[in-house]
Structures are given as structure tokens and as C-alpha cells.
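Working notes for the structure below.
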Ligand SMILES: [Zn+2]
């Protein structure tokens, strides 16, 4: 297909998407929304999905957006819900694609909920593999101001409750999910994507074994009735969730096998155990590379990779 045809096709697709959304929800320049349950919206933008729970006395935002979209996003969700006040922001992890609202909402005194590790990462200098600075400390008044370490934390939402739970070391070491219990809508954060690979951030202790553990943990929540909202891509149900669970479990087993055969990261990329699995997701190199390197911090973890490593 030549470039002109591709652009033409893309334009048609985008136009169709806009038409669909204008029937079921609203669209702005960079955001679209769909009401997936009463007063619960999935808002999709350039960095993926966020979830908005519209309580009478204020909005509960589950994940933010990159800083350059912050103003547009806040105006959009206020327009969609008709509620101007944000009372709570819940962060699935520390990455800039979800923490760009902090600089606006933190100084306003909005409650910002996250795992304690997420607060610590946001407040410190992060260097990729000890070298390149990938994050500089954010001001204190923009950091999460309500954190937890183990277990779960409940956030009231009308007559319902949003359970926020820790997913241990998965995409990072501060990942959490947010489950609206009564409505049964589960926002998973980046351990699940339905349009791309669930990469781990090895720099802040993401771990491929933690991704499969996170699937295990979430599978105790997901039933036939659950709407699963991934960090990016379309909303799925239990069948698709279990299909992804099985795929990542098998893929991790393949990578463990390569590790035990003393493959290095470059050889794993060459062997490409992800080949043919999700061609529509594109190149799996980042997932394989970071995922494989993440084993190195866990060589004594017999449950994940078997015994026999010193
Ligand atoms: Zn991330």
C-alpha cells in the first residue's frame, strides 16, 4: 500500500471511530469517552485508557495522562460528566504517561492515591541501568498523599466501593489495580494491554514473573460479568483475559527455558519466542528484552525459574 492510500484509509478509520463515539459518548481533539457502567467512563487518549468514576461530590480519576494533555483532559472529563470537581486521583504506577495531572491536582489538595513505591519513585531521581536520568524528583505537593504498602485500600464511590490493590513487582514495583466492586469494572493498569505487549520497566523493578503473578491475582477477581479495562486497547471480558493469561504464562515458561540454556538478551531477541503470537501488536523486542533482563534480579526465585542458579 502506498503512503497516500494508507493516509486515506487511516482518515476513513478515524472518521468512523469519531462517528461511533459521537453516538455512544463524546470526543474531543485527543480524547474519546465511553460510559461502560452507570457513571463510570473509559476515557481513551494518546497514551491509552483512563477510567473516570463520577461521584456526586466529585470525580475519581483512575490514572492521569501525559502532562501536555492535562488541561485538555480535565476539561474533557468535566464536560463528559458534568462534574467540575476532582476529589481523588488514583495512580496505577509512576510513569509520566499516567502522572501528568499531578502538577495541577496536587497543589489543589486533591487526594492522590498510589502504592508507596510509586510515591518514592516520583520523589527521587531514577537512572536507567544506573546511567541516563529518566525521572527527576517532583515537588512534594504533587506527590501521592495517600499510599499503602500491602493488601488493598477501599475508596468509597456512591453506594459502591473502589478496591485498590497491589500487584507486587509487575510493570514496575508499584503497580496497582482499581476494581469498582458493585459495577464490576476492573481497571488493570499496564499489566494488561490489548493492543500491545505488556512490557516491564526493569529500571524500577518490573518483573516478567510479576506480570504472570498479576494475571493470577486478577483472575481471582475476573468473572463472566467483569469488564476488564486495560491500560491500552479495547475493553475485554473473561474469555479474552484468560487467553492473554495463558499466552503470557507460556511465553514466560519459554523465556525461563532460554535462560536455563544460558541465552543472553540478544539471543532471546533472535530466538523470538513471541513470534507469530500477536502480529497485530507489532515488534515484541522491548517486551522480550526488558522481560528477559528482569530475570537477573530473580535468579534465586525457585518458584519462578526453578532451582540450580547460584
Ligand atoms: Zn508505564
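What is the residue count in the range 131-142 for residues that are surrounded by 14 or more Cβ atoms within 10 Å (Cβ to Cβ) and more than 19 Å from the chain's Cα centre (by Cα)? If you could, list the steps in order and put the result at the bottom.
Initially, the range 131-142 is screened for residues surrounded by 14 or more Cβ atoms within 10 Å (Cβ to Cβ), giving 134-135, 138, 142.
From what is left, the residues that are more than 19 Å from the chain's Cα centre (by Cα) are 138, 142.
Final tally of qualifying residues: 2.
When the range 167-187 is examined, which residues are found to be part of a loop (DSSP other than H, G, I, E, B) and away from the ligand (no atom under 16 Å from the Cβ)? Show your work before the answer.
Within the range 167-187, the first condition is being part of a loop (DSSP other than H, G, I, E, B), and the residues that meet it are 167-175, 181-184.
Listed by number, the residues that qualify are 181, 182, 183, 184.
For the structure I just gave you, tell me whether residue 73 is surrounded by 15 or more Cβ atoms within 10 Å (Cβ to Cβ) and more than 16 Å from the ligand (Cβ to nearest atom). Outline the logic, then answer.
Numbers: surrounded by 15 or more Cβ atoms within 10 Å (Cβ to Cβ): yes; more than 16 Å from the ligand (Cβ to nearest atom): yes.
Yes; evaluated as a whole, the condition is true for this residue.
For the range 96-132, which positions are assigned to a loop (DSSP other than H, G, I, E, B), more than 16 Å from the ligand (Cβ to nearest atom) and closer than 28 Å to residue 85 by Cβ? Show your work before the answer.
Of the range 96-132, the ones assigned to a loop (DSSP other than H, G, I, E, B) are 100-101, 106-110, 123-125, 131-132.
Still in the list and also more than 16 Å from the ligand (Cβ to nearest atom): 106-110, 123-125, 131-132.
Once the filter is applied, which keeps residues that are assigned to a loop (DSSP other than H, G, I, E, B), more than 16 Å from the ligand (Cβ to nearest atom) and closer than 28 Å to residue 85 by Cβ, the range 96-132 yields 106, 107, 108, 109, 110, 123.
Please find, within the range 150-166, the residue that is farthest from the ligand (Cβ to nearest atom) out of those that are in a loop (DSSP other than H, G, I, E, B) and either modelled with pLDDT of 95 or more or more than 28 Å from residue 125 (Cβ to Cβ) (or both). Working first, answer last.
Looking only at the range 150-166, we keep the residues that are in a loop (DSSP other than H, G, I, E, B), and these are 150-151, 158-159.
Then keep just the ones that are either modelled with pLDDT of 95 or more or more than 28 Å from residue 125 (Cβ to Cβ) (or both); that gives 151, 158-159.
Values: 151: 23, 158: 29, 159: 32 Å.
Per the stated criteria, the residue is 159.
Going by what's in this entry, would residue 227 be described as surrounded by 17 or more Cβ atoms within 10 Å (Cβ to Cβ), more than 16 Å from the ligand (Cβ to nearest atom), within 18 Å of the chain's Cα centre (by Cα) and closer than 29 Å to residue 274 by Cβ? Explain how you work it out, then say what you get.
On the way: surrounded by 17 or more Cβ atoms within 10 Å (Cβ to Cβ): yes; more than 16 Å from the ligand (Cβ to nearest atom): yes; within 18 Å of the chain's Cα centre (by Cα): yes; closer than 29 Å to residue 274 by Cβ: yes.
The answer is yes for residue 227.
Out of the residues in the range 102-130 meeting the condition of being exposed (fewer than 14 other Cβ atoms within 10 Å of the Cβ) and in contact with a helix residue (DSSP H, G or I) (Cβ under 7 Å, 6 or more places away or on another chain), tell me which one is nearest to residue 147 (Cα to Cα).
That would be 107.
All but one of (1) out of contact with any strand residue (DSSP E or B) (no Cβ under 9 Å at 6 or more places or on another chain); (2) away from the ligand (no atom under 16 Å from the Cβ) hold for residue 222; which doesn't?
So residue 222 meets the others, but not (1).
Quick check on this structure: which one of 63, 55, 79 is within 16 Å of the ligand (Cβ to nearest atom) and either over 18 Å from the mean Cα position of the chain (by Cα) or buried (at least 23 other Cβ atoms within 10 Å of the Cβ) (or both)?
Among 63, 55, 79, only 63 is within 16 Å of the ligand (Cβ to nearest atom) and either over 18 Å from the mean Cα position of the chain (by Cα) or buried (at least 23 other Cβ atoms within 10 Å of the Cβ) (or both).
Is there any pair with a first residue in the range 278-304 that is free of Cβ contacts under 8 Å to residues at least 12 places away in the same chain and a second that is surrounded by 14 or more Cβ atoms within 10 Å (Cβ to Cβ) and not in a loop (DSSP other than H, G, I, E, B) whose Cβ atoms are under 8 Å apart and which are 6 or more apart or on different chains, and what are they?
Note: pairs meeting the criteria are 299/305.
Across the range 140-149, what is the number of residues that are more than 16 Å from the ligand (Cβ to nearest atom) and either in contact with a helix residue (DSSP H, G or I) (Cβ under 8 Å, 6 or more places away or on another chain) or modelled with pLDDT under 95 (or both)? Spell out the reasoning first.
Of the range 140-149, the ones more than 16 Å from the ligand (Cβ to nearest atom) are 140-143, 145-149.
Remaining after also requiring either in contact with a helix residue (DSSP H, G or I) (Cβ under 8 Å, 6 or more places away or on another chain) or modelled with pLDDT under 95 (or both): 142-143, 147-149.
Here the count works out to 5.
The values are calculated or read from the model by the stated rules, or taken from the named source; none is laboratory data. Source: prediction; values computed, not measured. Backbone-built Cβ (ideal geometry, glycine too); neighbour counts: all protein chains shown.
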